[in-house]
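Peer 1: My structure is below; once you've seen it, I'll send some questions.
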């Protein structure tokens, strides 16, 4: 009798756990993302703290894993101290940024910050785009349907 109860309890625990796992799945909004209509996600990079920069880049990877590379466009816009993460020399995350670029993640640098710091395009990691102003870039992309996140 004890063994039957133990097995019944184990079966109940497994069933509850399986139900909880299903309940935790994200219900995708319509229209669901596709190659032709991907989700567009924008993250802002505003710190030069290596731990926070790495966390932001882990979020980029997790977003791509969740949607699938073909079903999401990701852009990272950097301004202020965050622009240090996109410098060719001195970025604590340079290799990760370069790697993510190979997976079609777009990195955008604020031209105003660059001007203030006396940096030019040659100071950035190759492939980083430059916009006149970082915050208006976020505003305009939001108005075009991008979802912006500040991790």
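Peer 1: Answer yes or no: is there a residue in region 95-112 that is part of a helix (DSSP H, G or I), touching a residue at least 12 places away in the same chain (Cβ under 8 Å), in contact with a strand residue (DSSP E or B) (Cβ under 9 Å, 6 or more places away or on another chain) and under 16 Å from residue 52 (Cα atoms).
Peer 2: yes
Peer 1: Please go through region 53-68 and give me each residue that is out of contact with any strand residue (DSSP E or B) (no Cβ under 9 Å at 6 or more places or on another chain) and surrounded by 15 or more Cβ atoms within 10 Å (Cβ to Cβ), ordered by number.
Peer 2: 61
Peer 1: I've got another one for you. Criterion first (exposed (fewer than 13 other Cβ atoms within 10 Å of the Cβ) and part of a helix (DSSP H, G or I)) does residue 137 satisfy it?
Peer 2: Here the answer is no, as residue 137 does not meet what is asked.
Peer 1: Answer yes or no: is there a residue in region 76-85 that is in contact (Cβ under 8 Å) with a residue 40 or more places away in the chain, touching a strand residue (DSSP E or B) at 6+ places or on another chain (Cβ under 8 Å), part of a strand (DSSP E or B) and at negative phi.
Peer 2: yes
Peer 1: Taking region 91-116 on its own, how many of its residues are closer than 17 Å to residue 79 by Cβ and either surrounded by fewer than 13 Cβ atoms within 10 Å (Cβ to Cβ) or modelled with pLDDT under 95 (or both)?
Peer 2: 2
Peer 1: Looking at (1) buried (at least 18 other Cβ atoms within 10 Å of the Cβ); (2) under 16 Å from the mean Cα position of the chain (by Cα); (3) more than 30 Å from residue 28 (Cα to Cα), can you tell me which one residue 87 breaks?
Peer 2: Exception for residue 87: condition (2).
The values are calculated or read from the model by the stated rules, or taken from the named source; none is laboratory data. Because the structure is a prediction, the values reported are computed rather than measured. A quick note on method: Cβ atoms are made from the backbone with ideal geometry, for glycine too, and the neighbour counts reach across all protein chains shown.
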